[in-house]
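Participant: This is the structure I have questions about; it appears just below.
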Amino acid sequence: MDDMPLPAVCLLSVLGVASFLVLSLAAYRLWHRIPVLTAKDEPLPVAHSISVIVVASWILMQLVALTSEPVNTGRSPTVADVQLTCQFNVLLFLAILVPMTYSATASVEAFGFHLKELRQQIADGALGFAGAVLPVLGVWVLTLPWRSTTNSHGLLQLLEQDRSFTTVFWIVIAAVILAPLVEELIYRVVLQTWLQRIAPPREALFAVAVIFAAVHRLPDAIPLLPLALILGYVYQQRRCFLSVVLLHMLFNAANLILAMLTIQPPAAS
């Protein structure tokens, strides 16, 4: 971090100050026994059984893969791999959302798919992202001794090898757009809502956060836990899909920008 470029230092400084202000406001509200976010007083919707089965099957496959290889030590992906992942994520998103759209038990609006109070939804996502910066950064620093080029995220490895427009374009599609859409649908909309029907909200939130962090593998799983807790809290209180997707998108976009600023481009051959 000593040789971090000035633009990256400036970006982190701005995000850090914003995060400190948001966390200070949250601490003030908690000190005065005021909820950080007021909760929506609405009954929990019931997801379509097909959507629940698809989500449960996908998470189970991720956990099986995690136990067989808990640390990411494989080869970095290629652009073709990223494109294939994008295609799979689109199909996965549709496989979960379409049954919910035609469900007789609850409308998708009940799960937060609406544009009501749009400014508030955007504000919740932006403030949630700001509040997550310092906790994630603090835990990330603690994991530095375990980080290396071999166990960094595959997309960062790809970015380090190839900075072409095509590569960056597909990384943006995969990490900044599709990953937040799919992961928030899986973990917050379906899994967390389902768990809240059989467990207390706090336990459901924590369980989903642990699963979300775990499937991202070590060492990324550790700093992603505070992010997952904030995502879960925002959705639990507001139940707005746009808010958590925007929060997640901003987080991934900030990570990508910082990577672009700090990772040295490959030397010309």
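Bear in mind that the values in this text are calculations on the coordinates, not laboratory data. No experiment lies behind these values; they were computed from the predicted model shown. Methodologically, a virtual Cβ is constructed for each residue, glycine included, from the backbone with ideal geometry; neighbour enumeration extends over all protein chains shown.
Participant: What distance in nm lies between label points placed 7 Å from Cα along the C-beta direction at residue 139 and residue 3?
Facilitator: In this crude label model, residue 139 to residue 3 measures out at 3.0 nm.
Participant: Same structure, new question: What is the order of 141, 215, fewest Cβ neighbours within 10 Å to most?
Facilitator: Neighbour counts put them in this order, fewest first: 141, 215.
Participant: Quick one: go through segment 218-253 and flag any residue whose amide nitrogen is under 15 Å from the point 7 Å out along the Cα-to-Cβ line of residue 117.
Facilitator: Answer for segment 218-253: 234-244.
Participant: Please label the shape of the chain as rounded, prolate or oblate, based on the square roots a ≥ b ≥ c of the eigenvalues of the alpha-carbon gyration tensor (a/c under 1.5 means rounded; beyond that, a/b larger than b/c means prolate, else oblate).
Facilitator: oblate
Participant: Go through segment 42-47 residue by residue and turn each phi into a ³J(HN,Hα) via Karplus (6.51, -1.76, 1.60, θ = phi - 60°); whole Hz please, and just put x for glycine and proline.
Facilitator: Coupling constants for segment 42-47: 9, x, 5, x, 10, 6 Hz.
Participant: Relative to a virtual label point 7 Å from the Cα of residue 49 in the Cα→beta-carbon direction, which members of segment 97-117 show backbone nitrogen distances below 16 Å?
Facilitator: Output list for this probe position: 99-100, 102-106.
Participant: Let me ask you something else. Any chance you could give the angle, 0 to 90 degrees and rounded to 10, that helix 6-31 forms with the longest Cα principal axis of the chain?
Facilitator: Once rounded, one gets 30 degrees.
Participant: How would you rank 181, 115, going from fewest to most other Cβ atoms within 10 Å of each one's own Cβ?
Facilitator: Ordered by Cβ neighbours within 10 Å, fewest first: 115, 181.
Participant: Roughly speaking, what is the centre-to-centre gap between segment 18-45 and segment 91-132 when only Cα atoms are used, to the nearest Å?
Facilitator: 20
Participant: Sticking with this structure for a sec: Once phi is turned into ³J(HN,Hα) by the Karplus curve 6.51 cos²θ - 1.76 cosθ + 1.60 with θ = phi - 60°, what whole-Hz value does each residue of segment 230-240 show in order, with x for glycine and proline?
Facilitator: Per-residue couplings from phi come out as 5, 4, x, 5, 4, 5, 4, 7, 9, 6, 10 Hz.
Participant: List every residue whose amide H lies under 5 Å from the amide H of residue 218, counting only residues 5 or more places away in sequence or on a different chain, with H placed 1.01 Å from N in the peptide plane.
Facilitator: It is 72, by chain and number.
Participant: Between residue 172 and residue 61, what is 0.36 nm times their sequence separation minus the Cα-Cα distance? Round to one decimal in nm.
Facilitator: 37.5 nm
Participant: How do 186-192, 21-27 rank on mean C-beta neighbours within 10 Å, highest first?
Facilitator: Final packing ranking: 186-192, 21-27.
Participant: Exposure proxy check: 193, 166 ranked by fewest other beta carbons within 10 Å?
Facilitator: Placing the least packed residue first, the sequence is 166, 193.
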